[in-house]
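K.L.:
One structure coming up, written as structure tokens, with questions to follow.
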Amino acid sequence: PPLGKCFNLHDFESVARQVMRRGAWAYYSSGADDEITLRENHSAYHKIWFRPRILVDVEQVDSSTSMLGSKCEVPFYVTATALGKLGHLEGEVVLTRAASRHGVIQMIPTLGSCSFDEIVDAKRGDQVQWLQLYVNQDREITKRIVQHAEKRGCKGLFVTVDAPQLGRREKDIRTRFEGAASDVQKNNPGAIDRSQGAARAISTFIDPSLSWKDIPYFKSITKMPIVLKGVQRVEDVLTAIEHGIPAVVLSNHGGRQLDTAPSAIEILADVMPELRRRGLQDKIEVYVDGGVRRATDIIKALCLGAKGVGIGRPFLYAMSAYGEPGVVHAMQLLKDEFEVAMRLIGARSVGELGPEFVDVRGLSMH
Ligand code: FNR
């Protein structure tokens, strides 16, 4: 179908499913085990209802905000996803170019198909990029990656903390894995095990011994803000604050790691009231990702206190099905949805959003 027939982010998924190679589709779409968390990630948003405000002048709606001190046009970013060339010949640079058209921040994956430098070279003007880091057992390699990223202008270091071992994604394991890891192997020296599906094959270098004790080390090698990606409970947000961590991403890795881990939005609804109770809400920026498919999802997360949200698969699907124009269109759809939804709930700017706009009594932890 022509791109104009995609009216929302779900549409890209069904097109991608038809046009992608089987193994590529399996790698992008799969979740861990029974995929309960994968499904919950999006459906959790359906348990939150709006409390719209009426008779507010909403002629002008402003979607802009800032994340980790960088200005951006919208409160969502392209999160890090590995193996971009499975979906598109050119890989992650397609996402970079689309993001630059919309003033959207991009998180560069450690396991990109394109090299880190290719992805940075593809950026235009003052476009903002962050680095997602899988910590190598060889800390010299990690140090080199981090310091190079800082030198090349990355504005944040997102250390993935929910993957000491990769989850079992059975769809991916079943289709096995052919060839896709060779680019990654080139960029990241480390053994490849081809018997295990794409995810496992490319991740054997990740250090499972990573712990809170390593935080001072990261602080010693970079001035970039260090962000923990994959925090899943309020205690760990508090510990992050104690370690002087400026931001966390509440995330279950798109349902690809621990199955039956809760959705990020559910954790957020738990975390923010606790931070407010302790007067810590301004000590740390909180981001969420997983299952965000509609601007209403984004707005709900912001109402509950998120500074921004990450989006993964929808942009991969848009890229795989239509290349750069697809991703540009997907971002435009979200921008359009955002404006409509803000008007309908009676809010003019990101700063006006707050818990009074949502009813969270349907969430299971409340
Ligand atoms: C990911 N994710 C991920 N996260 C990370 O820290 N390093 C990585 O290499 C990857 N790779 C990756 C590949 C693919 C194909 C997917 C779908 C996801 C997780 C990603 O950053 C994010 O947490 C989720 O994708 C968010 O969920 P949605 O938006 O995909 O539902």
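K.L.:
When you check Ile226 against the structure, is it of a type outside the set (Gly, Ala, Ser), buried (at least 17 other Cβ atoms within 10 Å of the Cβ), more than 12 Å from the chain's Cα centre (by Cα) and farther than 19 Å from Asp33 by Cβ, yes or no?
P.N.:
So Ile226 passes the test.
K.L.:
Looking at Asp138 and the list (1) crowded, with 21+ Cβ neighbours inside 10 Å; (2) more than 16 Å from the ligand (Cβ to nearest atom), which single condition is not satisfied?
P.N.:
(1)
K.L.:
For segment 69-90, which residues satisfy the criterion of being part of a loop (DSSP other than H, G, I, E, B), surrounded by 14 or more Cβ atoms within 10 Å (Cβ to Cβ) and either more than 20 Å from the chain's Cα centre (by Cα) or within 16 Å of the ligand (Cβ to nearest atom) (or both)?
P.N.:
Within segment 69-90, Val74, Pro75, Thr79, Ala80, Thr81, Ala82, Leu83, Gly87, His88, Glu90 meet the criteria.
K.L.:
What are the residues in segment 279-293 that are in contact (Cβ under 8 Å) with a residue 24 or more places away in the chain and in a loop (DSSP other than H, G, I, E, B), if any?
P.N.:
Leu280, Gln281, Lys283, Ile284, Gly290, Gly291, Val292, Arg293
K.L.:
Could you identify the single residue in Tyr322, Tyr287 that is closer than 27 Å to Glu35 by Cβ, away from the ligand (no atom under 16 Å from the Cβ) and surrounded by 19 or more Cβ atoms within 10 Å (Cβ to Cβ)?
P.N.:
From the options Tyr322, Tyr287, the qualifying one is Tyr322.
K.L.:
Every residue in segment 296-319 that is among the β-branched types (Val, Ile, Thr) and surrounded by fewer than 22 Cβ atoms within 10 Å (Cβ to Cβ), please.
P.N.:
Hit for segment 296-319 is Thr296, nothing else.
K.L.:
Failed condition for Ala99, given (1) over 15 Å from the mean Cα position of the chain (by Cα); (2) among the small types (Gly, Ala, Ser); (3) on the phi < 0 side of the Ramachandran plot, with all others met?
P.N.:
Status for Ala99: all satisfied but (1).
K.L.:
Quick one: in segment 246-273, which of the residues that are touching a Pro at 6+ places or on another chain (Cβ under 9 Å) and within 16 Å of the ligand (Cβ to nearest atom) is farthest from Ile36 (Cα to Cα)?
P.N.:
So, considering only residues that are touching a Pro at 6+ places or on another chain (Cβ under 9 Å) and within 16 Å of the ligand (Cβ to nearest atom), the one farthest from Ile36 (Cα to Cα) is Ala247.
K.L.:
Looking at segment 105-123 only, could you name the residues that are hydrophobic (A, V, I, L, M, F, W, C) and more than 14 Å from the ligand (Cβ to nearest atom)?
P.N.:
Across segment 105-123, the qualifying residues are Val120, Ala122.
K.L.:
Taking segment 143-163 only, how many residues are surrounded by 15 or more Cβ atoms within 10 Å (Cβ to Cβ) and either in contact (Cβ under 8 Å) with a residue 40 or more places away in the chain or in contact with a Lys or Arg (Cβ under 8 Å, 6 or more places away or on another chain) (or both)?
P.N.:
Qualifying residue count, segment 143-163: 14.
None of the figures in this text is laboratory data; all of them are computed from the coordinates on show. What you see is a predicted model, and the numbers here were worked out from it, not measured in a lab. Neighbour counts run over all protein chains shown; Cβ positions are idealised from the backbone, glycine included.
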